[in-house]
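The values are calculated or read from the model by the stated rules, or taken from the named source; none is laboratory data. Not measured: the values here are computed from a predicted model. Counting neighbours? That spans all protein chains shown, and the Cβs are built from the backbone with ideal geometry, glycine included. For the accessible areas, the whole protein counts, side chains as well, though only heavy atoms, and no ligand, DNA or RNA atoms are used. Shrake-Rupley method; radii C 1.70, N 1.55, O 1.52, S 1.80 Å.
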Amino acid sequence: MKWFWTALLVVSSLSLLIVLFRNRNSLEFLRRFALHLILAALALYAVNYSGLLSGWEIPLNVTTVGTVMVLGLPGVALIAGLKAVLF
């Protein structure tokens, strides 16, 4: 039974990738998403290791990168403010 679910996952994932790469609009969406993801991670990395927040470190995890990816640089300020108030 485990092999069945694994095979179903692989086949459905490959089908999804085929559909995504055939449609030009979805490829543009994937590029934009990847660019925002990389820029958000780089922004958090730069804030952590530049010394702007001395003694603090904002972790690079899914939640923080997602917040910065959606909100941009105000997301970094939001996370820093939450860390100051809550922790």
Checklist outcome for this item: Per-residue ellipticity at 222 nm attributable to helices in the chain (runs of n ≥ 4 DSSP H, -39500 (n - 2.57) apiece, nearest 500 deg cm²/dmol) works out to -28000 deg cm²/dmol
Item to check | For peptides 61-68, 14-21, sequence by mean Cβ density within 10 Å, most packed first | outcome: 61-68, 14-21
Checklist entry - Out of (1) 3, 13, 17, 15, 11, 11, 10, 9, 8, 3, 0; (2) 3, 15, 18, 18, 14, 10, 7, 5, 4, 3, 2, 1, 0, 0; (3) 2, 9, 13, 18, 15, 10, 8, 8, 7, 5, 3, 1, 0, which label holds the value of P(r) over Cα pairs in 5 Å bins from 0, in percent that was computed here? => result (1)
Item to check | HN-Hα J in Hz across segment 59-70 - Karplus 6.51, -1.76, 1.60, θ = phi - 60°, x for Gly and Pro | outcome: x, 8, 9, 4, 5, 6, 5, x, 5, 5, 5, 7
Next on the checklist: Testing the spin-label approximation: label points 7 Å from Cα along Cα→Cβ at Lys83 and Leu8. State their distance in nm.
Outcome noted: 4.2
Next on the checklist: Using a 1.4 angstrom probe on the protein heavy atoms only, could you order Met69, Met1 from most to least accessible area?
Outcome noted: Met1, Met69
Item to check | Leading residue at positive end of dipole, the chain (Cβ point charges), from Val68, Val47, Asn23 | outcome: Asn23
